[in-house]
1. So what is log10(I(q)/I(0)) for segment 227-326 at q = 0.16, 0.19 1/Å, when the Debye sum runs over its Cα atoms only?
2. If amide hydrogens are placed 1.01 Å from N in the peptide plane, which non-local residues have theirs closer than 5 Å to the one on Leu57?
3. Mind listing the phi-derived Karplus ³J(HN,Hα) values for segment 71-81, rounded to whole Hz, using 6.51, -1.76 and 1.60 with θ = phi - 60°, and x for any glycine or proline?
4. Taking a quarter of the surface of the convex hull around the Cα atoms of segment 127-282, what do you get in nm²?
5. Assuming 1.306 mPa s and 10 °C, estimate D for segment 46-153 with Stokes-Einstein, Rh taken as the Kirkwood radius over Cα pairs, in µm²/s.
6. What lysines could a cross-link reach from Lys211, if we take a straight Cα to Cα line under 21 Å and drop same-chain neighbours fewer than 8 places away?
7. Report the Cα-based extents of segment 102-203 along its three principal axes, largest first, to the nearest Å.
8. Which ³J(HN,Hα) values, rounded to whole Hz and listed in residue order, are derived for segment 108-116 from phi using the Karplus coefficients 6.51, -1.76 and 1.60 in 6.51 cos²θ - 1.76 cosθ + 1.60 with θ = phi - 60°, glycine and proline given as x?
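Values in this text are rule-based calculations from the coordinates and carry no lab data. What you see is a predicted model, and the numbers here were worked out from it, not measured in a lab.
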Amino acid sequence: MEEEFSLVGMTEDMGINSVLFGFIGLCQMAFPQRLRACFLLGSHATGDGVADSDLDLLLVFKDRFQEGEGERHEHFRRSVGMMARFPLDVSAMDEARLMAEGTVNLKRASLLLAGEDIRERIPLMPLEQWLRFCMHRPYMFMERARARAEGEPLRYPLAHPDPRGELYGYDHSAVLDAQGMPHRGFKELVTLASRLAAAEVALAGKHVFSKRDAIEAHRLHVNNERTLLFEQIHECRKRWGYRVPDAPEDQANLRSLCARILDAENHFLGLYKDYLLAELQRGEVRDRVLAARRLGEILYPGSEVPAALTPLQEAPEPELREAARESLRLIERYSAHQNSPAA
């Protein structure tokens, strides 16, 4: 980026555009001569944004991150997020990593805001890596929705986040309006549905480029008993944004969808177990380590998981040995707790 610049691309909302222009100016001051480009991702980039949609922003740093730059960006991200009139979700990558790993939504579902348009030079992420990305994403939404003791794994099959809650706990995260006021919301439910859909589409060998694309691709390439559920949840987003509606009949409709998403979560976790067991034996060491750790973070019944982890305690890679041992400790501890008379 040059020192003097203006927005290359804009949304149709002038309020959002003013936030974006101010954000880019702050980026330029915080990281002079270091930014290759800034992109808007997500629903505002594709024209599908609703009132409470985040502004998803990606900063691309020239070449490779310099020493301390990642930490400075994290501090910057937290600081500017508290200033904006719209919720900001800011991430950063360096050029070298983008060119080496490829990307998906940046190539097909983004808007260049400032800098150099490098999207044509970035490869599309290979399907194997894309599948890995999609298979690991739903876990974070399941995990953070369910309260439990620190370090305690999820237990498969899952129960609802709050079985007694009006929306079974899927309204656990509030959404903020432009004045920063919280409202009861179901954004996590919508994102979870799109992540589950994207994972099944990736298993079918296809990329998706946005939440809407994931739902549409599920109908086209998978089309099973979960397709209609995912479509209905996404339709709620179109009708009400991410806020829980006021009308009793609308709340009843949303409640029925929240009740049904649990089966989709548990179906995915069954697929995820098979995927993680296969990952233990393939890919880079970091991929095998993540699989070993995740198999301790989700307590699956039976002996299949411990049997797969036990030989890895003697693996030549120290990080893989430690991940396997820690997961086996978790399995032993919490399985024993579950089976004890006091549990």
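1. For the requested q values the scattering log ratios are -0.72, -0.84.
2. Leu41, Asp89, Val90, Ser91
3. Per residue, the Karplus-derived 3J(HN,Hα) values read 5, 5, 5, 4, 5, 4, 4, 5, 5, 5, x Hz.
4. 10.3 nm²
5. Using the Kirkwood radius from Cα pairs, D works out to 97 µm²/s.
6. Hits, sequence-local ones excluded: Lys107, Lys187, Lys238.
7. Ordered largest first, segment 102-203 gives principal extents of 50, 39, 25 Å.
8. Result, rounded to whole Hz: 10, 9, 9, 10, 6, 9, 7, x, 9.
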